[in-house]
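Down below is the structure, laid out as structure tokens.
The values are calculated or read from the model by the stated rules, or taken from the named source; none is laboratory data. Treat the numbers as computed from the prediction; the structure is a model and nothing was measured. Virtual Cβ from ideal backbone geometry, glycine too; neighbours counted across all protein chains shown.
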Amino acid sequence: AIHNAQLLEAEQTAIRRTETLRQTAEAFNENLVLEDVLELIVTWLPNLLGIRAYSVMLLADKGLYLAAQQGNPAIEWMHLSEELPAWQNIMDVIRYKRPRLIADTQSSPQWQPDPAVTEVASWLGVPLLAQDRAIGLLNLDHHQPNFFVDEDIRWVQAFANQAALAIENARLFR
């Protein structure tokens, strides 16, 4: 009975996530204004994983900048176009064009703590890829260790692929 309940919950989660991706694709296809696309990202992303703290970081001539964010009071003071320091995990996502998951930041030697961001216990960085080049990343964090799991990477990467295409289309439309 417990196994059947777990299967049912997993199926319902997959259906909800699939529907989120479908609705997101429709919304992205209807928008060619970058600010609107960024707003759609921060509106739809929590529906995928049930998260509250995340950001969109984009590459520009002068480096990586925070384009949009939600739910992280430690970085709300930053101007949305302010350049960010080159954090190693974030830069690795960009450099290698692959997601990076740090399930438990407290026990991982890969995590470099930032004094300004103290409540990150689980972190997921997913590249925004357009024509096989990184244009930025989705930066997700949670206060609960092991919140993100390997399966989440696949769902967020599908979302990120749609978002990257919408960002590129909006940039071309300008």
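Among residues of segment 141-168 being touching a Phe, Trp or Tyr at 6+ places or on another chain (Cβ under 8 Å) and part of a helix (DSSP H, G or I), the one that is nearest to Asp104 (Cα to Cα) is Phe159. Applying the criterion of being modelled with pLDDT under 90 and in contact with a helix residue (DSSP H, G or I) (Cβ under 8 Å, 6 or more places away or on another chain) to the residues of segment 1-59, the residue that is farthest from Val93 (Cα to Cα) is Asn31. Among the residues of segment 102-140, the ones that are assigned to a loop (DSSP other than H, G, I, E, B) and among the small types (Gly, Ala, Ser) come to 5 in all. The residue of segment 18-65 that is farthest from the chain's Cα centre (by Cα), among those that are under 20 Å from Leu101 (Cα atoms) and assigned to a strand (DSSP E or B), is Leu64.
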